[in-house]
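*Asks:* If you scroll down you'll find the structure; I have some questions about it.
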Amino acid sequence: MTAVAADRIASAAQARSVATRLAEEFAVGASERDRDRVLPHAEIARLSASGLLAITVPAEFGGADLPPSVVADVVRTLAVADPNIAQIPHSHFVYVNLLRLAGSAEQRQRYFAQLLDGARIANAQSERGGATVAEIATTVRPIGHRFRIDGTKYYCTGSLFADLLAVLTRLDDPEGNAGLAAGEYIAYLPTDTPGVRIVDDWNALGQRTTGSGTVEFDDVVVERSQLVARSGAVNAPTGYGAFAQLLHAAIDTGIARGAFSAATEFVRSKSRPWFEAGVQRAIDDPLLIQRFGELSVAVVAAEATLAAAGAAVDRAVESDRSGRLSALDRADSTVLKLAGETTNSTAVDAVTDASLAVATAKVLADRAANEVSAALFEVGGTRSAAGDLNLDHFWRNARTHTLHDPVRWKYQHIGRALLHEIAPPLHGVI
């Protein structure tokens, strides 16, 4: 595990202050790291040592237990400075949340202690070759009292910096030898586990330094205590998907703000006015003033909607925590159907509201990040396209990260909820 002396963060104010300080540090050299694909190992080590990666550890285990809205604000702040660094811990926070929702007491005790000491989690979940992204070929099979994992994962963001991999697997146990329910399991594996091979082959046009390459698993042996059933988080109204999507929206919103700030600075200091404007300075061109007003509205709207979505996810998480029912209570409770599951209606309402609020935030963040990062050149003029300036890294990062999941489906879920009163599905991606 990473050997760091991690600080302990105790409040939302402290988390925001630390994030702001680190963002100022990370902004220095961010463009050069992107251009030359210099992996931010030192920066990620500082992020771990700051204690920010442990801010969602529950209070009962010694953590700050900060709500999703604060995590989103931290991620947004980092993304303004360097969206690569902001994306690297995305899966970390998601799989800490999975442990909170579905891990056993022993698993939470073990892994939360490591997180408080600065450990980092990365995902190993996406695959290629299936009919859709939802099909999982990587299997976990019982072998005696242990399990074996075989398969290959792609887009494993943060894997080059991680101590633990959260590996999405499908249980392959037709004889029922393991005594586990059928379904998907997350295996928490130390990155130095025999049979694990992390490949530095990420070559996308943007988000170049996120370490999102390939991870191969060949006869990897794990213990039962390393497996967590994913169903505990995604088959109930827990806000698991809304939280994960909120952080994606935070990254895109941060990119939009970063691109807007760069555009403002460039036009103020380097751009020349168009001759037809009849002004001495570019900033006095009335058409540029108009365009900057439009771009500002897009960025501020994304930021405001992100904040509103964060508050909605906070309410969903709190509703889930306070409203979890025992099996006996559940039998007598008011229930309704959400994506085929029978659940407490208060929690359903809160999670539905959160998912729709996050879907709205995701749409506006996607739009702002792509529009503003492209408009940077429109308002900056020919000089802004100089290769040595690398201003295109804002657009490349926006275009790459917003491919994570299509916003066209966000519109669908919002429309169905309004017209047909159909709650969004529980699949972890809304």
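*Asks:* Can you tally the net charge around A350? Count Lys and Arg as +1, Asp and Glu as -1, for every other residue whose Cβ sits under 12 Å from the Cβ of A350. Spell out each step's value before the answer.
*Replies:* Working: positive: R315, R321; negative: D314, E318, D320, D349, D353.
Summing Lys and Arg as +1 and Asp and Glu as -1 gives -3.
*Asks:* Among L389, I44, L171, whose Cα lies farthest out toward the positive end of the dipole of the chain, if unit charges sit on the beta carbon of Lys, Arg (+1) and Asp, Glu (-1)?
*Replies:* L389
*Asks:* Further, regarding this structure: Based only on the alpha carbon positions, what is the Kirkwood hydrodynamic radius of segment 139-229, in angstrom? Please list the in-between numbers first.
*Replies:* On the way: mean 1/r = 0.0731 Å⁻¹.
The Cα-based Kirkwood calculation yields 13.7 Å.
*Asks:* Let me know the volume per residue of the alpha-carbon convex hull for the chain, in Å³. Each step should come with its number before you reach the end.
*Replies:* Working: hull volume 63.7 nm³, N = 430.
In the chain, the Cα convex hull volume per residue is 148 Å³.
*Asks:* For segment 28-102, what value does the Rg/Rh ratio take when both radii are computed over Cα atoms and Rh is the Kirkwood radius, given to two decimals?
*Replies:* In segment 28-102, Rg relative to Rh is 1.02.
*Asks:* Any idea how far apart S126 and E24 come out in nm if each label point goes 7 Å out from Cα toward Cβ?
*Replies:* Here the modelled spin labels are 3.5 nm apart.
*Asks:* In debye to the nearest 20, how big a dipole does the chain give about its Cα centre with +1 on each Lys and Arg Cβ and -1 on each Asp and Glu Cβ?
*Replies:* My answer is approximately 320 debye.
*Asks:* Treating the Cα atoms of segment 1-53 as identical point scatterers in vacuum, please give the log10 of the normalised Debye intensity I(q)/I(0) at q = 0.19, 0.20, 0.23, 0.25 Å⁻¹, two decimals.
*Replies:* -0.69, -0.75, -0.90, -0.98
*Asks:* Longest exposed-loop-site-free stretch of the chain, with trypsin sites (Lys or Arg not before Pro), DSSP loop and at most 15 other Cβ within 10 Å?
*Replies:* For trypsin sites (Lys or Arg not before Pro) (loop position, at most 15 other Cβ atoms within 10 Å), the longest site-free span of the chain is 129-269.
*Asks:* Cα gyration tensor of segment 95-172, axes a ≥ b ≥ c as square roots of the eigenvalues: rounded (a/c below 1.5), prolate (a/b > b/c) or oblate?
*Replies:* Here segment 95-172 falls in the oblate category.
*Asks:* Mind checking which of A27, A72, A134 has the largest fluctuation in a GNM of the chain, springs on alpha carbons under 10 Å?
*Replies:* Per the Cα network of the chain with a 10 Å cutoff, A134 tops the list.
*Asks:* Now, a different point. Based on the alpha-carbon gyration tensor of segment 235-420, what equivalent-ellipsoid semi-axes (square roots of 5 times the eigenvalues) come out, in whole Å, largest first?
*Replies:* Listed largest to smallest, the semi-axes of segment 235-420 are 44, 14, 12 Å.
*Asks:* OK, next. Please give the helix 105-116 orientation as an angle from the longest Cα principal axis of the chain, in degrees from 0 to 90, rounded to the nearest 10.
*Replies:* Taking the Cα atoms of the chain, the angle to 105-116 is about 30 degrees.
*Asks:* Using the Kirkwood formula over every pair of different C-alpha atoms, what hydrodynamic radius in Å results for segment 359-430? Intermediate values should be presented prior to the final figure.
*Replies:* Values: mean 1/r = 0.0710 Å⁻¹.
After inverting the mean inverse Cα-Cα distance, the result is 14.1 Å.
*Asks:* Pairing the Cα long axis of helix 68-81 with the longest principal axis of the chain, what angle in degrees results, from 0 to 90 and rounded to the nearest 10?
*Replies:* Long axis of 68-81 versus the principal axis of the chain: about 40 degrees.
*Asks:* In Å, what Rg and Dmax follow from the Cα atoms of segment 100-259?
*Replies:* Taking only Cα atoms of segment 100-259, I get Rg and Dmax of 16.3, 55 Å.
*Asks:* Rounded to the nearest 0.05, what FRET efficiency is calculated for H420 and K270 with R0 set to 45 Å and r the Cβ-Cβ distance? Could the numbers behind the result be given before it?
*Replies:* Details: r = 52 Å, r/R0 = 1.15.
Calculated transfer efficiency: 0.30.
*Asks:* Highest GNM mean-square fluctuation, the chain, Cα pairs closer than 10 Å: which of L403, L78, L227?
*Replies:* The residue with the greatest mean-square fluctuation here is L403.
*Asks:* Sticking with this one: Between G278, T264, A375, whose Cα lies farthest towards the positive end of the dipole of the chain when Lys and Arg beta carbons carry +1 and Asp and Glu beta carbons carry -1, centred on the Cα centre?
*Replies:* Ranked along the dipole, the leading option is G278.
*Asks:* Among DSSP bridges having both ends in the chain, what percentage is antiparallel? Round to the nearest 5.
*Replies:* Antiparallel bridges make up about 85 percent of those DSSP assigns within the chain.
*Asks:* A follow-up question, please. Determine the dipole magnitude for segment 22-166: charges of +1 sit on the beta-carbon of Lys and Arg, -1 on that of Asp and Glu, nothing else is charged, the reference point is the Cα centre, and the result goes in debye to the nearest 20.
*Replies:* 560
*Asks:* Which residue fluctuates most in the GNM of the chain (Cα springs below 10 Å): Q87, Q412, Q280?
*Replies:* Maximum fluctuation in the GNM of the chain, among the listed residues, is at Q280.
*Asks:* What does the charge add up to near I414, with Lys and Arg as +1, Asp and Glu as -1, over the other residues with Cβ less than 15 Å from its Cβ? Show your work: numbers first, answer last.
*Replies:* Working: positive: K362, R367, R408, K410, R416; negative: D353, D366, D405, E421.
Once positives and negatives cancel, what remains is +1.
*Asks:* Using alpha carbons only, how many degrees (0 to 90, rounded to 10) separate the axis of helix 286-323 from the longest principal axis of the chain?
*Replies:* 20
*Asks:* Would you be so kind as to identify which of S91, F61, Q107 lies farthest towards the positive end of the dipole of segment 12-120, taking Lys and Arg as +1 and Asp and Glu as -1 on Cβ and the Cα centre as origin?
*Replies:* Positive-end residue among those listed: Q107.
Coordinate-derived values only; no laboratory data. Being a predicted model, the structure only gives us computed values, none of them experimental. All Cβ positions, even for glycine, are placed from backbone atoms using ideal geometry, and neighbour counts span all protein chains on display.
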